[in-house]
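Below you'll find the structure, written out as structure tokens, and then a few comments.
The values are calculated or read from the model by the stated rules, or taken from the named source; none is laboratory data. Keep in mind the model is a prediction, meaning the values are calculated, not measured. Cβ atoms come from the backbone with ideal geometry, glycine included; neighbour counts cover every protein chain shown. For accessibility, only protein heavy atoms count, side chains too; no ligands or nucleic acids. Shrake-Rupley method; radii C 1.70, N 1.55, O 1.52, S 1.80 Å.
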Amino acid sequence: EKESENKKDTLTTDYYKIYFLNGKVESVDTSLNIYKDYKFNFLRDDSFDLISFANSGHTYNKLSYDLKNFSKPDIGARGKHFHYFEKEDIGYYNVPTPFTEIFAKSTFEQGQILDMLVSVNLSPQYNFTIAHKGYKSLGKYMYTRSRGNQFRLSSNFNSKNKLTQWRFHLTSQNIFNQETAGLDPDSIYFFEQATDYFILDDDGKQIINEDGSFKMIEYDGYLDRSRLGTLILAEGSLYSKRFFSDFQKILIKNKNRNILKVNYQFTHEYKKIDFTDDYNSIIFGEIDEGITVSDQSRFIEQENKVILSSDLNKIGKLDFQYSLTNWSNNFKTYDTENPGNIIYDLEENQSNISINWIKTFNKYSFEFNFNNSLKENFKSDYLSFNIKGNPIKNIDFELSSSLIEKSPNFNFILFRSAYKPYNWYNTELNNEKISNINLKISFKEFIVLTGDYNLIDNYTFFRESTNALTGETDFNRLAIVEQYNDEIKYYSLKLYSKVDLGKFSLVNTAKLQKKEQSLSLTDLSTINVPEWITRNTIMYSTNVFNNSLFIQTGITFNYFTKYYADYYNPLISEFVTQNYREIGEFPRFDFFFNAKIQQTRVFIKVEHLNSSFTGYDYYSDPFSPYRDMSIRLGLVWNFFS
């Protein structure tokens, strides 16, 4: 009887479908496995290539780069977009009965994360889905509170004759963070030295014992992280609203194939980024007298797109797209005397023509994508192909390559602030050019090998311009826009393996990265990444209580080698390249205990359990510590009724 119930449950969940804009289709999955543990985090995604900041709801630093994704120029502020819901992230549901999902997880002091989704088919043709992610976390460190509300509403309609389809969604997102720019130099010392400190004499020199060692005192007061000082006490936020509509009409249909169909897509997206510093901290440079820092930028993107597509069987699936995009980006003006014609806003537009082709031959599928911008400014040209195949039983491969030329984001070109060094209008920036080739080979679910090779020209980035040799970088943050007008080679090799030995499993993920860049005396090493990233999990899984409870428990080890990590600059909400301080080479052990009861999955994790005995040298960026040991609790709960 229990086996039949399990089969019924599996069959039922497979009928609950989620459709995405890129054509991907998923089924609701209520299983419990190690991948669910890897994704049980604030992003709800595998964060192998990222390291989080100390508090939930803040930003993430990169441990590697994915340069093959195609994107149009945007406002920038990429540090605020890690958990931002883009239009490609919104799912359109089709469910036979009302479906509910609740994601809940504890945070760090006085708060929680709750992401709840309810989906209902009012008829077999019409679905209505509403979701809301709300979170708040005070944080262990002083002035690091985060909070947010991310509302999503999606709906889709399919006519009874299946010739007409309409999808639309609305989002409203408010992401808020208190900003510190990291610890001040004294607090970095107290963080790293804990719990043993040197005793100094009246002249500030270390006292030497008779045996030649330095006299020290034990004191654990700074393990209370709220006692550590910060560089600034500021606030930053991203507020956004978006409306998206996709209307589809099939004009010619032949059995199960759409000979000709047309789509009209409309997007209107508004973003507002604020940065407030009531104390007018001087680390970002000089401010005119009488001004209180309250920077604001507004960004509006409006896109109209028409798609003609056809499934011609022998030729394959082919579509032609034309889009017209309008952008508006403007900044707050302060009441100061500004000589000359200072630009505070940009009004731009761009037209794009795209061709996409997909064809399947027996065991192989081919995909070709082409995008061409009709204007030189704010362009996003793209050419790619992809081949997938299964030439040998249980062996799958995927080979892809792309050529990308795109304009830098808007904040590289124009930025305005009350801080004088953070005002620029760059009209001479070149387009970034990226060419890459990628290979992925897998044997069942046991081994997956991925290789990426990238060539980057005109890499555009923010760099720290202070002088580290004089100690200026410890107290100031002066980011400037820079382009590296030469070629950078960046390549990586990633290996994933999973070995099951009875009820025990060993899951390993390792990534080797290399970067080649010719440097002069004035150049800064950029696209800095650790040479090695590794994650290793040993796990025990079993059913207990007559198969009514399924549990998984084990330990995950994370590690990456030292590198000159970018640091987070809250004024521009971006990561900035520096060659001053390295981070890395600190082990992180996480103990987890996960359980599944019917459709409820419970997650218990002791994060960074070794933090108190392997040294206080763990950082998320050169000035911001990673998390101390903490116990996190949470669950994912599904209802099908």
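Roll a 1.4 angstrom probe over the protein heavy atoms and tell me the percent of accessible area of the stretch 91-198 that is carbon or sulfur. Looking at the stretch 91-198 in its full context, I get 57 percent from C and S. Among Phe214, Ser237, Phe191, whose Cα lies farthest out toward the positive end of the dipole of the stretch 179-237, if unit charges sit on the beta carbon of Lys, Arg (+1) and Asp, Glu (-1)? Toward the positive end, the furthest listed residue is Ser237.
A Förster radius of 41 Å, combined with the Cβ-Cβ distance separating Gln296 from Thr195, puts the computed FRET efficiency at roughly 0.40.
As a quick test, which of the pairs Lys440/Lys514; Lys272/Lys375; Lys332/Lys379; Lys498/Lys596; Lys133/Lys562; Lys241/Lys379 have an alpha carbon distance above 30 angstrom in this structure?
Values: Lys440/Lys514 18 Å; Lys272/Lys375 27 Å; Lys332/Lys379 26 Å; Lys498/Lys596 21 Å; Lys133/Lys562 35 Å; Lys241/Lys379 24 Å.
Violating the 30 Å limit, Cα to Cα: Lys133/Lys562.
Determine the share of the stretch 453-518's accessible area contributed by carbon and sulfur atoms, expressed in whole percent, with a 1.4 angstrom probe. Numbers along the way, then the final one.
Working: 1810 of 3150 Å².
Of the solvent-accessible surface of the stretch 453-518, carbon and sulfur hold 58 percent.
With a simple spin-label model that places each label point 7 Å from the Cα along the Cα-to-Cβ direction, the separation between Trp532 and Asp617 comes to 1.5 nm. Give me the percent of the accessible area of the stretch 330-380 that comes from carbon and sulfur atoms, probe 1.4 Å, all protein chains in place. Within the stretch 330-380, the accessible surface is 50 percent carbon and sulfur. Label reach from Ile447 (point 7 Å along Cα→C-beta): in the stretch 490-504, amide nitrogens under 13 Å belong to 495-499.
Just to verify a number: FRET efficiency for Ile207 and Phe157, C-beta to C-beta distance, R0 = 60 Å, to 0.05? Provide the component values of the computation, followed by the final result.
Details: r = 78 Å, r/R0 = 1.30.
Rounded to the nearest 0.05, the efficiency is 0.15.
Packing, taken as the mean count of other beta carbons within 10 Å per residue, orders the peptides 198-207, 252-261 from highest to lowest as 252-261, 198-207. Estimated at the nearest 10 Å², the accessible area of Met216 is 90 Å² with a 1.4 Å probe.
A 1.4 Å probe, protein heavy atoms only, puts the accessible area of Leu501 near 120 Å².
Using packing as a proxy for protection, rank 175-188, 392-405 so that the peptide with the highest average count of other Cβ atoms within 10 Å comes first. The partial results should precede the final answer.
Details: 175-188: 21.0, 392-405: 14.9.
By packing density, highest mean first, the sequence is 175-188, 392-405.
Multiplying the residue separation of Val606 and Asn430 by 0.36 nm and removing their Cα-Cα distance gives an extension gain of 58.6 nm. Placing His132, His81 in order of accessible area, with the largest value first and a 1.4 Å probe, yields His132, His81.
Per-residue Karplus couplings for the stretch 558-567, computed as 6.51 cos²θ - 1.76 cosθ + 1.60 with θ equal to phi - 60°, are listed in order as 10, 7, 9, 6, 5, 7, 7, 5, 5, 10 Hz, Gly and Pro entered as x.
Just the number please: accessible area per residue for the chain, 1.4 Å probe, all protein chains included, in Å². Intermediate results must be reported in sequence, preceding the final value.
Working: 31070 Å² over 641 residues.
Dividing the accessible area of the chain by its residue count gives 48 Å².
Averaging Cα coordinates gives a centre for the stretch 583-619 and one for the stretch 261-290; these two points are 35 Å apart.
What pairs in Lys72/Lys140; Lys393/Lys503; Lys72/Lys359; Lys39/Lys388; Lys24/Lys249 have C-alpha atoms more than 28 Å from each other? All intermediate terms of the calculation are to be shown ahead of the outcome.
Working: Lys72/Lys140 37 Å; Lys393/Lys503 26 Å; Lys72/Lys359 26 Å; Lys39/Lys388 26 Å; Lys24/Lys249 20 Å.
From the list (Lys72/Lys140; Lys393/Lys503; Lys72/Lys359; Lys39/Lys388; Lys24/Lys249), the Cα-Cα distance tops 28 Å for Lys72/Lys140.
Karplus-based coupling profile of the stretch 34-39, in residue order and whole Hz: 5, 5, 5, 5, 4, 9, with θ = phi - 60° in 6.51 cos²θ - 1.76 cosθ + 1.60 and x standing for Gly or Pro.
Give me the number: length gained by fully extending Ile555 to Glu347, i.e. 0.36 nm times residue separation minus the C-alpha to C-alpha distance, one decimal in nm. Intermediate values should be presented prior to the final figure.
On the way: separation 208, 0.36 × 208 = 74.88 nm, distance 5.24 nm.
So the chain would gain 69.6 nm between Ile555 and Glu347.
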